[in-house]
Amino acid sequence: MQAQTIIKETVKHSPTLNTVLMVEQVLKDAEGIMTIADLKRKLPKQVMHNTLLQILDYLQMSGKIVIGTKGVLWVFTERKDLDALIKKGIEK
């Protein structure tokens, strides 16, 4: 009889859509660069550190934020904002 080895799979927790949207809104409303510590303080609900890092990775990969040495910066421009900027622009 052979000994059986039980392999335990680690289940990685995924953030909910509501949590992702909550983090997005706080970053959108921020005035400039925000540290991760400041972000945690400004969130209306507590978010686990690893979950927050997962959300920030996703937002960076999707081009909505830039993460630098000084903190996190929201850089995404929504289409309606872009349309307004285009209307104000000068045609050549």
Name every residue in the stretch 25-44 that is open to solvent by 90 Å² or more (accessible area, probe 1.4 Å) and either part of a loop (DSSP other than H, G, I, E, B) or on the phi > 0 side of the Ramachandran plot (or both), in order of residue number.
Glu31, Ile33, Pro44
Consider the stretch 1-24. How many of its residues are modelled with pLDDT of 95 or more and open to solvent by 100 Å² or more (accessible area, probe 1.4 Å)?
2
Which of the residues spanning the stretch 45-72 are touching a residue at least 24 places away in the same chain (Cβ under 8 Å), out of contact with any helix residue (DSSP H, G or I) (no Cβ under 8 Å at 6 or more places or on another chain) and open to solvent by 60 Å² or more (accessible area, probe 1.4 Å)?
Met48, Asn50, Lys70
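The values are calculated or read from the model by the stated rules, or taken from the named source; none is laboratory data. All figures in this text were calculated on a predicted structure; none of them were measured in a lab. Cβ coordinates were reconstructed from backbone atoms using ideal geometry, including for glycine residues, and neighbour counts include every protein chain displayed. Each accessible area value is taken on the protein alone, full model and side chains, heavy atoms only, with ligands, DNA and RNA left out. Shrake-Rupley method; radii C 1.70, N 1.55, O 1.52, S 1.80 Å.
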